[in-house]
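The values are calculated or read from the model by the stated rules, or taken from the named source; none is laboratory data. Since we're looking at a predicted model, the values are computed, not measured. Heads up, the Cβs are rebuilt from the backbone with ideal geometry, glycines too, and the neighbour counts pull from every protein chain shown. Protein only, heavy atoms only, side chains kept; ligands, DNA and RNA dropped before computing areas. Shrake-Rupley method; radii C 1.70, N 1.55, O 1.52, S 1.80 Å.
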Amino acid sequence: MVSRLLPRSNFGQTVLLIGCLLLINQLVSYISMDIYVVRPSTQQINQLLSRQVELLFRDLELDRTKLTVVDALRDKLADDNYMEVFTLPEARQNGLREARLYYVLSDQMSQYLGGEAEVRISFGEQYLIWIRPPQAPTVWLRVPLTGFDESVISPLTVYLMVIGALSVAGGWWFARQQSRPLRRLQRAALAVSRGKFPDPLPLKGPAEVVAVTQAFNQMSRSMKQLETDRQLLLAGVSHDLRTPLTRIRLASEMMSDQDSFLKEGIEHDIDDMNNIIDQFIEFVRGSPAEEHSRISLDDLLQEAAQQESLRHTKVELSLGKVPPVAMPVIAIKRVLANLIENGVRYGGGDLKLSSGYDGRWVWFAVSDNGPGIPPKQIESLFEPFTQGDVARGSVGSGLGLAIVKRVVDSEAGRVELANRSHGGLRATVWLPRS
């Protein structure tokens with residue numbers, strides 16, 4: 001459970017580490033300031049106040065003057081406006097109820113005065129210290145601290161706030177600088193996985209990241225060169241194959257009418273070989289860069305259903321009023337054409353074209369009424385030169401679904417194949433709405 005809450009990214013882990021270190025640093029700073037600054041200061045103030053209380057009660061003559069303790073103390077403090085004397089009711093009327101009791105200060109004061117004492121502090125325009133001395137438990141002494149102002153932030157608080165802000169800002173900047181080249185590398189790797197080769201990445205960041213980036217640039221250049229050589233090789237091979245096929249077609253045109261059956265078979269084989277060569281070129285070429293246009297999948301399905309090649313096929317349309325989305329129209333048409341071709345070839349003569357969206361994804365599906373595919377073979381159908389079960393025939397090059405998957409993956413979508421409950425195969429393509 002705890003591992004799920006922890007960040008998985010390098011940026012999140014670095015920020016969490018810096019945040020924990022900052023929190024520990026703040027706690028240590030508070031404890032250190034409390035032990036070495038705050039406590040000695042309050043202890044010194046408490047000690048000075050206890051000495052003043054001792055001096056106040058020293059040589060206090062009550063028998064000769066016949067005065068109460070309060071009157072005698074007020075008489076002694078007549079020329080001193082620093083300390084005030086109150087009885088318990090007077091103290092309550094003048095703010096004793098709002099004063100906060102401090103046990104540590106009370107214990108210290110009791111130790112200094114040799115009896116049970118109580119210390120309270122009230123906050124307002126100025127700090128007021130209330131002391132109940134053990135020499136007169138019914139009397140409260142009030143001492144103002146003129147050097148303290150509650151509205152002014154203490155230097156300790158300012159220091160900790162500034163250090164905390166600088167630490168957070170520095171940690172965020174450091175983590176961002178560390179994760180930026182990794183995010184750049186991630187985007188480039190995703191582009192390469194979709195058949196797109198970006199420009200060489202800048203060699204920035206830590207030494208380890210620079211080394212990985214340099215290796216990635218070298219790998220990208222090698223893959224791009226390999227892809228170029230492969231396309232050139234296939235283009236040359238296809239050109240060399242088409243030349244003898246053209247000569248064979250011309251020779252078949254010169255055959256007599258008595259050999260018409262043989263002539264038709266030769267022309268049919270030539271057409272199949274040309275189609276296979278076209279699929280080879282299309283697969284190797286991949287998905288070239290194409291500008292995205294906003295169009296609805298419903299329009300593409302309606303257009304596909306009216307193709308001349310489907311004039312002998314029963315096509316059922318089930319459109320879900322899909323909103324227009326940005327997509328490479330030519331590439332998606334190629335995907336739809338390959339799926340329809342598979343459905344016509346293996347599907348028993350009937351097709352169903354459907355579409356829909358769920359708020360995040362738009363989708364279209366091509367369903368047929370053929371014999372279906374064994375579940376264990378479904379995933380392997382997306383591999384190049386792989387054909388379906390013998391029950392569905394073995395015509396073609398086995399590149400149709402591989403081309404479909406490559407195009408859909410380049411658009412961050414997904415394609416799924418599933419056998420229908422009442423027979424047949426359903427191919428569904430999901431595309432992100434944004």
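Report yes if Val210 is at pLDDT 80 or above and over 26 Å from Glu411 (Cα atoms), otherwise no.
Yes.
Taking the condition in a strand (DSSP E or B), surrounded by 21 or more Cβ atoms within 10 Å (Cβ to Cβ) and without any contact (Cβ under 8 Å) to a residue 60 or more places away in the chain, does Leu317 pass?
Against the criterion (in a strand (DSSP E or B), surrounded by 21 or more Cβ atoms within 10 Å (Cβ to Cβ) and without any contact (Cβ under 8 Å) to a residue 60 or more places away in the chain), Leu317 does not qualify.
For the structure I just gave you, tell me whether Arg184 is modelled with pLDDT under 80, part of a helix (DSSP H, G or I) and surrounded by 13 or more Cβ atoms within 10 Å (Cβ to Cβ).
It is false that Arg184 is modelled with pLDDT under 80, part of a helix (DSSP H, G or I) and surrounded by 13 or more Cβ atoms within 10 Å (Cβ to Cβ).
May I ask you to verify whether Lys314 is modelled with pLDDT of 80 or more and over 27 Å from Gly359 (Cα atoms)?
So Lys314 fits the description; yes.
Being assigned to a loop (DSSP other than H, G, I, E, B) and under 32 Å from the mean Cα position of the chain (by Cα) is the filter; apply it to the range 322-366 and report the residue that is modelled with the lowest pLDDT.
Within the range 322-366, the match that is modelled with the lowest pLDDT is Gly359.
Would it be correct to say that Ser252 is surrounded by 14 or more Cβ atoms within 10 Å (Cβ to Cβ) and touching a residue at least 40 places away in the same chain (Cβ under 8 Å)?
Answer is no for this residue.
Yes or no: Ile276 in a helix (DSSP H, G or I) and modelled with pLDDT of 80 or more?
No.
What are the residues in the range 393-421 that are open to solvent by 20 Å² or more (accessible area, probe 1.4 Å) and at pLDDT below 80, if any?
Selection gives Gly393, Ser394, Val395, Gly396.
Return the total of residues in the range 215-241 being surrounded by 15 or more Cβ atoms within 10 Å (Cβ to Cβ) and either farther than 28 Å from Lys204 by Cβ or in contact (Cβ under 8 Å) with a residue 60 or more places away in the chain (or both).
3
Out of Pro374, Pro384, Pro432, report the one residue that is modelled with pLDDT of 85 or more and open to solvent by less than 70 Å² (accessible area, probe 1.4 Å).
Pro432
Can you tell me which residue in the range 22-37 is farthest from Gln108 (Cα to Cα), limited to those that are open to solvent by less than 100 Å² (accessible area, probe 1.4 Å) and touching a residue at least 12 places away in the same chain (Cβ under 8 Å)?
Checked the range 22-37; the qualifying residue farthest from Gln108 (Cα to Cα) is Leu22.
Go over the candidates Tyr112, Tyr82, Tyr159 one by one and state the one that is assigned to a helix (DSSP H, G or I) and at pLDDT below 85.
Going through Tyr112, Tyr82, Tyr159 in turn, just one is assigned to a helix (DSSP H, G or I) and at pLDDT below 85: Tyr159.
Name the single residue, out of those in the range 85-109 being assigned to a helix (DSSP H, G or I) and of a type in the set (A, V, I, L, M), that is surrounded by the most Cβ atoms within 10 Å (Cβ to Cβ).
Of everything passing the filter in the range 85-109, Met109 is surrounded by the most Cβ atoms within 10 Å (Cβ to Cβ).
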